[in-house]
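In what follows, a structure is listed as C-alpha coordinates, so that the remarks can point back to it.
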Amino acid sequence: MKILVLNAGSSSHKAALFDFDQGQKPLWRAQLDWTHTAGAVELKAQTADGRSHQDTLTTEDKTVGLRWLINTLVEGPVKTLATLSEIQAIGHRVVHGGREYQASTRISPAVKATIRQLFPLAPAHNPANLQGIEAMEAILGEVPQVAVFDTAFHAQMPAAASTFPGPYEWVEQGIQRYGFHGTSHRYVAQRAAELMGRELTDLKLITCHLGNGCSLAAVRAGVSVDTTMGFTPLDGLMMGSRSGSVDPGILIHLMRHDHYTADDLDTLLNKQSGIKGISGISNDLRQVLEAADSGNDQAQLAIDMFIHVLRRHIGAMLGNLGGLDALVFTAGIGENSADLWRAACAGWEFLGLHLDPDKLQRHTADRDIAATKSKIRVLVIHTQEEWAIAQDCVQILAD
Ligand code: ADP
(Lines give C-alpha, C1' and ligand atoms only; values in the text may rest on other atoms or scores of the structure.)
Protein backbone atom coordinates (compact mmCIF):
# COMPACT_ATOMS: atom_id res chain seq x y z
CA MET A 1 0.00 0.00 0.00
CA LYS A 2 1.54 3.33 -1.13
CA ILE A 3 1.02 6.27 1.18
CA LEU A 4 2.06 9.86 0.60
CA VAL A 5 2.77 11.96 3.69
CA LEU A 6 2.78 15.76 3.43
CA ASN A 7 3.95 18.31 5.95
CA ALA A 8 2.81 21.59 4.42
CA GLY A 9 4.30 24.64 6.12
CA SER A 10 4.24 28.32 5.22
CA SER A 11 7.82 28.37 3.92
CA SER A 12 8.46 24.70 3.12
CA HIS A 13 6.69 21.52 2.03
CA LYS A 14 8.09 18.13 2.99
CA ALA A 15 6.72 14.98 1.42
CA ALA A 16 7.54 11.28 1.70
CA LEU A 17 6.19 8.22 -0.07
CA PHE A 18 6.00 4.95 1.86
CA ASP A 19 5.24 1.49 0.67
CA PHE A 20 3.57 0.36 3.85
CA ASP A 21 4.33 -3.29 3.18
CA GLN A 22 8.04 -2.53 2.83
CA GLY A 23 8.50 -0.72 6.13
CA GLN A 24 9.68 2.54 7.54
CA LYS A 25 12.15 3.73 4.92
CA PRO A 26 10.43 6.05 2.42
CA LEU A 27 10.77 5.10 -1.26
CA TRP A 28 10.97 8.78 -2.17
CA ARG A 29 11.33 11.96 -0.21
CA ALA A 30 11.09 15.55 -1.48
CA GLN A 31 11.13 19.05 -0.15
CA LEU A 32 10.14 22.47 -1.45
CA ASP A 33 11.86 25.50 0.01
CA TRP A 34 10.08 28.80 -0.66
CA THR A 35 12.57 31.01 1.18
CA HIS A 36 15.79 30.72 -0.84
CA THR A 37 15.04 32.66 -4.04
CA ALA A 38 12.47 35.44 -4.35
CA GLY A 39 9.63 34.52 -6.72
CA ALA A 40 10.83 30.94 -7.06
CA VAL A 41 10.76 27.62 -5.25
CA GLU A 42 13.60 25.12 -4.83
CA LEU A 43 13.04 21.40 -4.96
CA LYS A 44 15.25 18.65 -3.55
CA ALA A 45 14.27 15.01 -3.89
CA GLN A 46 15.87 11.63 -3.17
CA THR A 47 14.89 8.01 -3.57
CA ALA A 48 15.62 5.02 -1.34
CA ASP A 49 17.78 3.53 -4.12
CA GLY A 50 20.14 6.54 -4.04
CA ARG A 51 18.91 8.78 -6.89
CA SER A 52 18.56 12.50 -6.26
CA HIS A 53 17.33 15.61 -8.01
CA GLN A 54 17.51 19.36 -7.44
CA ASP A 55 15.73 22.09 -9.42
CA THR A 56 14.18 25.56 -9.22
CA LEU A 57 10.82 26.71 -10.57
CA THR A 58 9.71 30.31 -10.99
CA THR A 59 6.41 30.48 -9.16
CA GLU A 60 4.92 31.78 -5.94
CA ASP A 61 1.83 29.61 -6.26
CA LYS A 62 1.94 26.83 -3.65
CA THR A 63 -0.35 24.52 -5.62
CA VAL A 64 1.79 24.90 -8.74
CA GLY A 65 4.89 24.08 -6.67
CA LEU A 66 3.22 21.03 -5.11
CA ARG A 67 2.03 19.75 -8.51
CA TRP A 68 5.65 20.01 -9.73
CA LEU A 69 6.89 18.14 -6.64
CA ILE A 70 4.30 15.36 -7.04
CA ASN A 71 5.14 15.00 -10.74
CA THR A 72 8.70 14.01 -9.83
CA LEU A 73 7.13 10.77 -8.58
CA VAL A 74 6.22 9.74 -12.12
CA GLU A 75 8.77 11.46 -14.37
CA GLY A 76 12.41 12.52 -14.34
CA PRO A 77 15.42 11.39 -12.33
CA VAL A 78 13.61 10.39 -9.11
CA LYS A 79 10.67 8.63 -10.78
CA THR A 80 9.31 6.09 -8.33
CA LEU A 81 5.81 5.22 -9.51
CA ALA A 82 4.39 4.19 -12.90
CA THR A 83 1.32 6.32 -12.26
CA LEU A 84 0.02 8.60 -9.52
CA SER A 85 -3.02 6.35 -9.18
CA GLU A 86 -0.77 3.98 -7.17
CA ILE A 87 -1.06 6.42 -4.25
CA GLN A 88 -3.80 4.99 -2.01
CA ALA A 89 -3.87 7.56 0.77
CA ILE A 90 -2.40 10.90 1.75
CA GLY A 91 -1.56 11.69 5.35
CA HIS A 92 -1.25 15.34 6.37
CA ARG A 93 0.45 16.81 9.36
CA VAL A 94 -2.00 19.35 10.78
CA VAL A 95 -0.67 21.35 13.70
CA HIS A 96 -3.84 22.30 15.55
CA GLY A 97 -6.83 20.05 16.13
CA GLY A 98 -8.18 22.16 19.00
CA ARG A 99 -10.51 20.44 21.43
CA GLU A 100 -12.25 18.77 18.51
CA TYR A 101 -9.74 16.04 17.66
CA GLN A 102 -8.30 13.51 20.08
CA ALA A 103 -7.06 11.30 17.26
CA SER A 104 -6.26 11.31 13.57
CA THR A 105 -9.27 11.56 11.31
CA ARG A 106 -10.29 11.09 7.69
CA ILE A 107 -10.56 14.46 5.98
CA SER A 108 -14.07 15.53 4.96
CA PRO A 109 -15.58 18.98 4.23
CA ALA A 110 -16.50 19.18 7.94
CA VAL A 111 -12.92 18.41 9.03
CA LYS A 112 -11.58 21.07 6.66
CA ALA A 113 -14.08 23.57 8.08
CA THR A 114 -12.84 22.80 11.61
CA ILE A 115 -9.18 23.19 10.58
CA ARG A 116 -10.20 26.58 9.17
CA GLN A 117 -12.06 27.57 12.34
CA LEU A 118 -8.85 26.86 14.24
CA PHE A 119 -6.79 29.35 12.15
CA PRO A 120 -6.77 31.91 15.02
CA LEU A 121 -5.16 29.32 17.32
CA ALA A 122 -2.40 28.39 14.85
CA PRO A 123 -2.06 31.29 12.40
CA ALA A 124 1.41 30.23 11.28
CA HIS A 125 0.46 26.60 10.60
CA ASN A 126 -3.18 25.64 10.05
CA PRO A 127 -3.69 27.86 6.95
CA ALA A 128 -0.65 26.24 5.29
CA ASN A 129 -1.82 22.76 6.36
CA LEU A 130 -5.28 23.36 4.84
CA GLN A 131 -3.73 24.76 1.68
CA GLY A 132 -1.74 21.52 1.39
CA ILE A 133 -4.91 19.43 1.78
CA GLU A 134 -6.75 21.44 -0.88
CA ALA A 135 -3.78 21.33 -3.24
CA MET A 136 -3.64 17.52 -2.93
CA GLU A 137 -7.36 17.32 -3.72
CA ALA A 138 -6.72 19.39 -6.84
CA ILE A 139 -3.69 17.30 -7.86
CA LEU A 140 -4.70 13.77 -6.87
CA GLY A 141 -8.50 13.93 -6.94
CA GLU A 142 -10.47 11.48 -4.85
CA VAL A 143 -7.60 9.79 -2.97
CA PRO A 144 -8.58 9.46 0.74
CA GLN A 145 -6.82 12.01 2.93
CA VAL A 146 -6.15 11.78 6.66
CA ALA A 147 -5.32 14.59 9.09
CA VAL A 148 -2.86 13.78 11.88
CA PHE A 149 -2.86 16.53 14.50
CA ASP A 150 0.14 17.63 16.60
CA THR A 151 -2.24 18.39 19.45
CA ALA A 152 -4.27 15.16 19.40
CA PHE A 153 -2.00 13.07 21.62
CA HIS A 154 -2.36 15.63 24.43
CA ALA A 155 -6.13 16.00 24.10
CA GLN A 156 -6.84 13.59 26.97
CA MET A 157 -4.79 15.53 29.51
CA PRO A 158 -6.75 15.99 32.72
CA ALA A 159 -8.41 19.41 33.09
CA ALA A 160 -6.04 20.25 35.95
CA ALA A 161 -3.14 19.95 33.49
CA SER A 162 -4.77 21.64 30.49
CA THR A 163 -6.38 24.62 32.24
CA PHE A 164 -4.40 27.82 32.75
CA PRO A 165 -4.92 29.58 36.05
CA GLY A 166 -6.40 32.73 34.51
CA PRO A 167 -10.08 33.62 34.73
CA TYR A 168 -12.55 30.77 34.16
CA GLU A 169 -13.73 32.48 30.94
CA TRP A 170 -10.50 31.26 29.34
CA VAL A 171 -11.89 27.73 29.48
CA GLU A 172 -14.95 28.83 27.50
CA GLN A 173 -12.75 30.75 25.05
CA GLY A 174 -10.54 27.73 24.36
CA ILE A 175 -7.53 29.40 25.98
CA GLN A 176 -5.94 26.30 27.46
CA ARG A 177 -2.88 24.07 27.22
CA TYR A 178 -3.06 22.06 23.98
CA GLY A 179 0.52 20.84 23.66
CA PHE A 180 2.32 20.08 20.40
CA HIS A 181 4.82 17.56 18.92
CA GLY A 182 2.14 14.97 19.78
CA THR A 183 2.87 12.66 16.84
CA SER A 184 6.50 12.47 17.92
CA HIS A 185 5.73 11.94 21.63
CA ARG A 186 3.21 9.22 20.75
CA TYR A 187 5.57 7.47 18.34
CA VAL A 188 8.56 7.42 20.71
CA ALA A 189 6.37 6.30 23.64
CA GLN A 190 5.17 3.30 21.61
CA ARG A 191 8.70 2.58 20.43
CA ALA A 192 9.98 2.81 24.02
CA ALA A 193 7.54 0.10 25.06
CA GLU A 194 8.74 -2.08 22.18
CA LEU A 195 12.40 -1.56 23.12
CA MET A 196 11.67 -2.34 26.76
CA GLY A 197 9.61 -5.42 25.87
CA ARG A 198 6.76 -4.06 28.01
CA GLU A 199 3.16 -3.06 27.42
CA LEU A 200 2.77 0.71 26.95
CA THR A 201 -0.21 0.52 29.30
CA ASP A 202 2.17 -0.53 32.12
CA LEU A 203 4.64 2.32 31.65
CA LYS A 204 5.32 5.78 33.03
CA LEU A 205 7.50 7.75 30.64
CA ILE A 206 8.86 11.24 30.15
CA THR A 207 9.45 11.83 26.46
CA CYS A 208 11.82 14.68 25.59
CA HIS A 209 11.49 16.03 22.03
CA LEU A 210 14.53 18.28 21.74
CA GLY A 211 14.98 19.78 18.26
CA ASN A 212 14.68 23.41 17.23
CA GLY A 213 11.37 23.30 19.04
CA CYS A 214 11.53 21.48 22.37
CA SER A 215 8.84 19.90 24.53
CA LEU A 216 8.33 17.20 27.15
CA ALA A 217 5.37 14.92 27.65
CA ALA A 218 4.53 12.90 30.74
CA VAL A 219 3.03 9.69 29.35
CA ARG A 220 1.17 7.35 31.68
CA ALA A 221 -0.26 4.13 30.22
CA GLY A 222 0.14 5.56 26.71
CA VAL A 223 -1.78 8.76 27.52
CA SER A 224 -0.18 12.21 27.69
CA VAL A 225 -1.04 13.50 31.15
CA ASP A 226 1.08 16.66 31.01
CA THR A 227 3.23 18.52 28.52
CA THR A 228 5.38 21.63 28.49
CA MET A 229 4.09 23.42 25.38
CA GLY A 230 0.88 25.26 25.99
CA PHE A 231 -1.71 27.34 24.15
CA THR A 232 1.04 27.87 21.58
CA PRO A 233 4.38 26.12 20.95
CA LEU A 234 6.09 28.99 22.80
CA ASP A 235 5.61 27.66 26.33
CA GLY A 236 7.85 25.43 28.41
CA LEU A 237 11.45 24.57 27.61
CA MET A 238 14.10 26.94 26.32
CA MET A 239 14.37 26.30 22.56
CA GLY A 240 16.48 27.20 19.52
CA SER A 241 15.08 30.70 19.08
CA ARG A 242 11.95 30.56 21.30
CA SER A 243 12.06 31.66 24.90
CA GLY A 244 9.87 28.95 26.42
CA SER A 245 8.22 29.99 29.69
CA VAL A 246 9.09 33.47 30.90
CA ASP A 247 7.44 35.58 33.58
CA PRO A 248 4.39 37.08 31.80
CA GLY A 249 5.06 40.23 33.81
CA ILE A 250 8.06 40.85 31.53
CA LEU A 251 5.68 41.24 28.59
CA ILE A 252 3.55 43.75 30.49
CA HIS A 253 6.72 45.63 31.40
CA LEU A 254 7.92 45.74 27.77
CA MET A 255 4.51 46.90 26.54
CA ARG A 256 4.20 49.56 29.21
CA HIS A 257 7.73 50.95 29.19
CA ASP A 258 9.12 50.15 25.74
CA HIS A 259 5.83 50.29 23.80
CA TYR A 260 6.20 46.78 22.39
CA THR A 261 3.34 45.73 20.10
CA ALA A 262 1.94 42.21 19.77
CA ASP A 263 4.02 41.73 16.60
CA ASP A 264 7.18 42.96 18.35
CA LEU A 265 6.64 40.48 21.20
CA ASP A 266 5.88 37.70 18.74
CA THR A 267 9.20 38.27 16.94
CA LEU A 268 11.15 38.74 20.17
CA LEU A 269 9.88 35.59 21.87
CA ASN A 270 9.69 33.29 18.84
CA LYS A 271 12.71 34.36 16.81
CA GLN A 272 15.18 36.27 18.97
CA SER A 273 15.18 34.36 22.23
CA GLY A 274 16.21 30.94 23.52
CA ILE A 275 19.63 29.52 22.62
CA LYS A 276 20.00 32.12 19.87
CA GLY A 277 18.97 35.07 22.04
CA ILE A 278 21.27 34.20 24.95
CA SER A 279 24.30 32.96 22.97
CA GLY A 280 24.06 35.74 20.38
CA ILE A 281 25.43 33.14 17.95
CA SER A 282 22.83 30.78 16.53
CA ASN A 283 19.72 28.74 17.23
CA ASP A 284 21.80 25.70 16.22
CA LEU A 285 23.10 23.99 19.34
CA ARG A 286 26.12 22.51 17.55
CA GLN A 287 27.48 25.98 16.74
CA VAL A 288 26.83 27.15 20.28
CA LEU A 289 28.62 24.09 21.74
CA GLU A 290 31.63 24.89 19.53
CA ALA A 291 31.65 28.52 20.65
CA ALA A 292 31.41 27.47 24.30
CA ASP A 293 34.38 25.11 23.77
CA SER A 294 36.40 28.08 22.52
CA GLY A 295 35.62 30.03 25.67
CA ASN A 296 32.55 32.09 24.68
CA ASP A 297 30.78 32.89 27.97
CA GLN A 298 27.38 33.72 26.46
CA ALA A 299 27.41 30.42 24.56
CA GLN A 300 28.22 28.58 27.80
CA LEU A 301 25.42 30.41 29.62
CA ALA A 302 22.94 29.43 26.88
CA ILE A 303 23.92 25.75 27.26
CA ASP A 304 23.81 25.87 31.05
CA MET A 305 20.36 27.47 30.90
CA PHE A 306 19.07 24.94 28.36
CA ILE A 307 20.07 22.12 30.71
CA HIS A 308 18.80 23.88 33.83
CA VAL A 309 15.38 24.53 32.29
CA LEU A 310 15.21 20.98 30.91
CA ARG A 311 15.92 19.48 34.34
CA ARG A 312 13.44 21.85 35.96
CA HIS A 313 10.68 20.66 33.65
CA ILE A 314 11.62 16.99 33.93
CA GLY A 315 11.20 17.45 37.68
CA ALA A 316 7.86 19.16 37.14
CA MET A 317 6.62 16.19 35.08
CA LEU A 318 7.71 13.65 37.70
CA GLY A 319 5.39 14.86 40.44
CA ASN A 320 2.20 14.27 38.50
CA LEU A 321 3.45 11.13 36.78
CA GLY A 322 3.99 9.40 40.13
CA GLY A 323 7.00 7.35 39.04
CA LEU A 324 9.25 6.88 36.04
CA ASP A 325 10.13 3.76 34.03
CA ALA A 326 12.04 5.53 31.28
CA LEU A 327 13.29 8.90 30.16
CA VAL A 328 13.18 9.06 26.36
CA PHE A 329 15.25 11.43 24.22
CA THR A 330 14.39 12.25 20.62
CA ALA A 331 14.81 14.82 17.75
CA GLY A 332 18.02 16.58 16.61
CA ILE A 333 19.47 17.43 20.01
CA GLY A 334 17.86 14.55 21.89
CA GLU A 335 19.10 11.89 19.47
CA ASN A 336 22.65 13.10 19.01
CA SER A 337 24.20 14.88 21.93
CA ALA A 338 25.97 12.77 24.54
CA ASP A 339 26.77 15.99 26.44
CA LEU A 340 23.05 16.64 26.67
CA TRP A 341 22.25 13.11 27.95
CA ARG A 342 24.98 13.36 30.57
CA ALA A 343 23.90 16.81 31.74
CA ALA A 344 20.14 16.12 31.66
CA CYS A 345 20.55 12.89 33.63
CA ALA A 346 22.97 14.27 36.21
CA GLY A 347 21.08 14.97 39.39
CA TRP A 348 18.58 12.08 39.17
CA GLU A 349 20.93 9.47 40.68
CA PHE A 350 18.91 9.68 43.92
CA LEU A 351 16.00 8.18 41.93
CA GLY A 352 18.27 5.33 40.82
CA LEU A 353 18.88 6.73 37.32
CA HIS A 354 22.38 5.93 36.03
CA LEU A 355 23.80 6.18 32.51
CA ASP A 356 26.28 3.67 31.14
CA PRO A 357 29.28 5.78 29.98
CA ASP A 358 30.21 3.07 27.45
CA LYS A 359 26.87 3.43 25.66
CA LEU A 360 27.12 7.14 24.88
CA GLN A 361 29.12 6.96 21.67
CA ARG A 362 27.48 7.94 18.38
CA HIS A 363 25.16 5.34 17.00
CA THR A 364 22.09 5.50 14.83
CA ALA A 365 19.96 2.68 16.21
CA ASP A 366 17.28 3.23 18.85
CA ARG A 367 18.82 2.13 22.12
CA ASP A 368 18.97 2.09 25.91
CA ILE A 369 21.89 4.12 27.31
CA ALA A 370 21.20 3.46 30.99
CA ALA A 371 23.52 1.34 33.14
CA THR A 372 22.33 -2.21 33.83
CA LYS A 373 21.83 -1.31 37.50
CA SER A 374 19.71 1.79 36.68
CA LYS A 375 16.15 1.64 38.01
CA ILE A 376 15.06 4.00 35.23
CA ARG A 377 15.83 3.23 31.59
CA VAL A 378 17.16 6.05 29.38
CA LEU A 379 16.22 5.55 25.75
CA VAL A 380 17.42 7.35 22.63
CA ILE A 381 14.86 6.94 19.87
CA HIS A 382 14.87 8.36 16.37
CA THR A 383 11.52 10.08 15.94
CA GLN A 384 9.64 9.02 12.82
CA GLU A 385 6.69 11.36 12.57
CA GLU A 386 6.13 10.74 8.86
CA TRP A 387 6.02 7.00 9.40
CA ALA A 388 3.60 7.49 12.30
CA ILE A 389 1.35 9.54 9.97
CA ALA A 390 1.50 6.77 7.34
CA GLN A 391 0.57 4.19 10.01
CA ASP A 392 -2.44 6.29 11.04
CA CYS A 393 -3.59 6.44 7.41
CA VAL A 394 -3.53 2.66 7.12
CA GLN A 395 -5.37 2.21 10.39
CA ILE A 396 -8.06 4.76 9.60
CA LEU A 397 -8.68 3.43 6.12
CA ALA A 398 -8.97 -0.11 7.51
CA ASP A 399 -11.64 0.94 10.05
P1 ADP B 1 13.55 20.63 13.86
O2 ADP B 1 12.82 20.90 15.15
O3 ADP B 1 13.73 21.85 13.01
O4 ADP B 1 13.06 19.40 13.11
P5 ADP B 1 15.84 18.99 14.54
O6 ADP B 1 15.06 17.93 15.22
O7 ADP B 1 16.55 18.64 13.27
O8 ADP B 1 15.03 20.32 14.32
O9 ADP B 1 16.94 19.53 15.59
C10 ADP B 1 17.80 20.58 15.29
C11 ADP B 1 18.74 20.79 16.46
O12 ADP B 1 19.47 19.58 16.71
C13 ADP B 1 19.76 21.90 16.24
O14 ADP B 1 19.89 22.70 17.40
C15 ADP B 1 21.05 21.09 16.04
O16 ADP B 1 22.18 21.83 16.45
C17 ADP B 1 20.82 19.94 16.98
N18 ADP B 1 21.74 18.83 16.72
C19 ADP B 1 21.81 18.03 15.65
N20 ADP B 1 22.86 17.18 15.77
C21 ADP B 1 23.47 17.46 16.97
C22 ADP B 1 24.61 16.96 17.68
N23 ADP B 1 25.35 15.96 17.18
N24 ADP B 1 24.91 17.52 18.87
C25 ADP B 1 24.17 18.52 19.37
N26 ADP B 1 23.09 19.04 18.74
C27 ADP B 1 22.74 18.53 17.57
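Being more than 16 Å from the ligand (Cβ to nearest atom), among the hydrophobic types (A, V, I, L, M, F, W, C) and either open to solvent by 10 Å² or more (accessible area, probe 1.4 Å) or touching a residue at least 60 places away in the same chain (Cβ under 8 Å) (or both) is the filter here, so list the residues in region 364-375 that pass it. Selection gives Ala371 alone. If you go through region 26-58 and keep only what is touching a Phe, Trp or Tyr at 6+ places or on another chain (Cβ under 8 Å) and not in a strand (DSSP E or B), you end up with Pro26, Leu27, Ala48. Residue count for region 169-188, restricted to those that are surrounded by fewer than 24 Cβ atoms within 10 Å (Cβ to Cβ), closer than 22 Å to Leu237 by Cα and of a type in the set (A, V, I, L, M): 1. The single condition among (1) more than 24 Å from Phe18 (Cβ to Cβ); (2) touching a Lys or Arg at 6+ places or on another chain (Cβ under 7 Å) that Thr56 does not satisfy is (2). Scanning region 132-168 for residues that are open to solvent by 50 Å² or more (accessible area, probe 1.4 Å) and more than 20 Å from Met1 (Cα to Cα) gives Glu134, Ala138, Gln156, Pro158, Ala159, Ala160, Thr163, Pro165, Pro167, Tyr168.
Quick one: which helices (runs of 4 or more DSSP H) sit completely within region 281-355 and have at least 3 residues that are within 10 Å of the ligand (Cβ to nearest atom)?
285-293, 331-336, 338-345
When region 247-280 is filtered for residues that are over 30 Å from Asn336 (Cβ atoms) and not in a helix (DSSP H, G or I), the ones remaining, listed by number, are Asp247, His259, Tyr260, Thr261.
Please indicate, with yes or no, whether at least one residue in region 338-356 is open to solvent by 60 Å² or more (accessible area, probe 1.4 Å), under 18 Å from Gly211 (Cα atoms) and in contact (Cβ under 8 Å) with a residue 40 or more places away in the chain. Yes, there is a match, as at least one residue in region 338-356 is open to solvent by 60 Å² or more (accessible area, probe 1.4 Å), under 18 Å from Gly211 (Cα atoms) and in contact (Cβ under 8 Å) with a residue 40 or more places away in the chain.
Annotation note: of Arg177, Arg198, Arg186, the sole residue that is away from the ligand (no atom under 16 Å from the Cβ), among the basic types (Lys, Arg) and under 21 Å from Cys345 (Cβ atoms) is Arg198. All of (1) at pLDDT below 95; (2) closer than 24 Å to Ile389 by Cα hold for Thr35 with one exception: (2).
Counting only residues that are within 18 Å of the chain's Cα centre (by Cα) and hydroxyl-bearing (Ser, Thr, Tyr), region 137-194 holds 5 of them. Evaluated against (1) farther than 24 Å from Thr183 by Cβ; (2) surrounded by 15 or more Cβ atoms within 10 Å (Cβ to Cβ); (3) touching a helix residue (DSSP H, G or I) at 6+ places or on another chain (Cβ under 9 Å), Glu42 falls short on exactly one condition, (3). Annotation note: of Gln391, Gln361, Gln395, the sole residue that is open to solvent by 40 Å² or more (accessible area, probe 1.4 Å) and not in a helix (DSSP H, G or I) is Gln361. Of the set (1) under 16 Å from the mean Cα position of the chain (by Cα); (2) under 27 Å from Pro158 (Cα atoms), all apply to Asn129 but (2). Consider region 383-399 and keep the residues that are of a type outside the set (S, T, N, Q) and in contact with a Ser or Thr (Cβ under 7 Å, 6 or more places away or on another chain). The one that is nearest to the ligand (Cβ to nearest atom) is Glu385.
Within region 257-275, the presence of at least one residue that is in contact (Cβ under 8 Å) with a residue 24 or more places away in the chain and buried (at least 24 other Cβ atoms within 10 Å of the Cβ) is confirmed.
When Ala128 is tested against (1) open to solvent by 10 Å² or more (accessible area, probe 1.4 Å); (2) assigned to a helix (DSSP H, G or I); (3) under 22 Å from Cys345 (Cβ atoms); (4) within 16 Å of the ligand (Cβ to nearest atom), only condition (3) is not met. Among the residues making up region 212-231, those that are within 16 Å of the ligand (Cβ to nearest atom) and outside any strand (DSSP E or B) are Asn212, Gly213, Thr228, Met229. Exactly one residue out of Ala113, Ala124, Ala138, Ala152 is under 27 Å from Leu27 (Cβ atoms) and out of contact with any strand residue (DSSP E or B) (no Cβ under 9 Å at 6 or more places or on another chain), and it is Ala138.
Filter region 140-174 for residues that are free of Cβ contacts under 8 Å to residues at least 24 places away in the same chain and among the hydrophobic types (A, V, I, L, M, F, W, C); which is farthest from Ser224 (Cα to Cα)?
Residues of region 140-174 that are free of Cβ contacts under 8 Å to residues at least 24 places away in the same chain, as a first pass: 141-142, 159-160, 162-163, 165-173.
Okay, now just the ones that are also among the hydrophobic types (A, V, I, L, M, F, W, C), so 159-160, 170-171.
Details: Ala159: 12, Ala160: 13, Trp170: 22, Val171: 20 Å.
Ranking the qualifying residues of region 140-174, first place goes to Trp170.
The values are calculated or read from the model by the stated rules, or taken from the named source; none is laboratory data. Being a predicted model, the structure only gives us computed values, none of them experimental. Please note: Cβ atoms are built from the backbone with ideal geometry, for glycine as well, and neighbour counts cover all protein chains shown. Note: areas computed on protein heavy atoms with side chains; ligands, DNA, RNA excluded. Shrake-Rupley method; radii C 1.70, N 1.55, O 1.52, S 1.80 Å.
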